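Step one of this worksheet: look at the structure below.
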Amino acid sequence: MKSISFLSLVLALVAGTSFAADSSAFQVKVTGHGQPMILIPGLACPGAVWDTTVAHFSDHYECHVITLAGFAGSPARSATGPVVETAREELTVYIREHKLDHPIIVGHSLGGFLALDLAANHPEIPGPLVIVDSLPFLVGIMKPGATADDAKQFAAGASSSFAQMKPEAYAQMIRVGPNGSTMAASSVDLDRIIAWGLASDPSTVSRAIGELYRADLRPSLPRIKAPALVLAAWIGYAPYSSHAFAEQTYGGQYADLKGVRVKISDTARHFIMLDDPQWMFTQIENFLATPAVNPVSSSP
């Protein structure tokens, strides 16, 4: 099975190329030079998901690539305690201790949520935010008008389901979506994503899932001072979604984030950095060239 054979390679790469951060909630790999840019991967993914992005930006930016504890072979931190909140606070300490002046923060999925959470709780710290296919209220895309009680029920069910899932079922869940895969178009990329998930600590992942489903950052968005770019994908959910639905959902959830720019890909699936890196790079470069707060926009 390709995903299993790739698993050993993932573990070797994670062990061989990252050094431990001062805090134990994550590991960091630093490359490049220039303005600091922090890149945070999504659920059950290592910093390696950003390899192409780092190769593109490291000539002009000092890239601090995060791998959260318990993800993709990185040693789990503990069997209890919050995942996102702990990472948020320890990343704040990392930024201060390394004197990173208003770093650009790029986050995918869970990483995007973490970036928003940090910017809302410590608005003086980050520079421009790049949020890659992530929402402040995840349950809202599954059930428009969802309440806090709905979120708690979703969280309990999702966390419990993942904790009991066998490896074969996990691989099937990732590979098969409503329109083929929702994650990435390439079978090679799907193998990598599956391998990273299989190498992740189930307890850490299930707790993180529960935290994401319970959370609602929408009331906190007005506290964010940094300019923000949100990159969204929808084509992987084509039977249930559309460009217009993504525009409505993302525009609605980010309505209280002043000056946010929302850009929607019509070709990439959830892992935009793998499916259409050039489109993503162009959006980020245009944004960073003029990151001042502007009116909300939504366009391809």
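Data for the structure
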quantity	calculated
Pairs, first within 15 Å of M37 (Cα to Cα) in segment 115-126, second part of a helix (DSSP H, G or I) and not hydroxyl-bearing (S, T, Y), C-beta under 7 Å, six or more apart	L118/R88; L118/L91; I125/I95; I125/L118; P126/L118; P126/A119
Number of the condition not met by K99 [criteria: (1) in a loop (DSSP other than H, G, I, E, B); (2) closer than 28 Å to A199 by Cα]	(2)
Residue among P144, P128 that is touching a Pro at 6+ places or on another chain (Cβ under 9 Å) and not basic (K, R)	P128
Residue satisfying all of: in segment 76-96; in contact with a strand residue (DSSP E or B) (Cβ under 8 Å, 6 or more places away or on another chain) and of a type in the set (A, V, I, L, M); nearest to A199 (Cα to Cα) among these	V83
Count of segment 227-242 residues which are assigned to a loop (DSSP other than H, G, I, E, B) and crowded, with 24+ Cβ neighbours inside 10 Å	1
Residue among T67, T80 that alone is part of a strand (DSSP E or B) and of a type in the set (S, T, N, Q)	T67
Helices (runs of 4 or more DSSP H) (entirely within segment 165-225) containing at least 2 residues that are modelled with pLDDT of 90 or more and crowded, with 21+ Cβ neighbours inside 10 Å	187-198, 202-214
Candidate set from segment 117-161 (those that are assigned to a helix (DSSP H, G or I) and among the β-branched types (V, I, T)); member that is modelled with the highest pLDDT	V139
Residue list for segment 66-75, filter: among the small types (G, A, S) and either surrounded by 24 or more Cβ atoms within 10 Å (Cβ to Cβ) or closer than 9 Å to F26 by Cα (or both)	A69, G70, A72, S74
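The values are calculated or read from the model by the stated rules, or taken from the named source; none is laboratory data. Just so you know, these numbers come straight off a predicted model, no measurement behind them. Please note: Cβ atoms are built from the backbone with ideal geometry, for glycine as well, and neighbour counts cover all protein chains shown.
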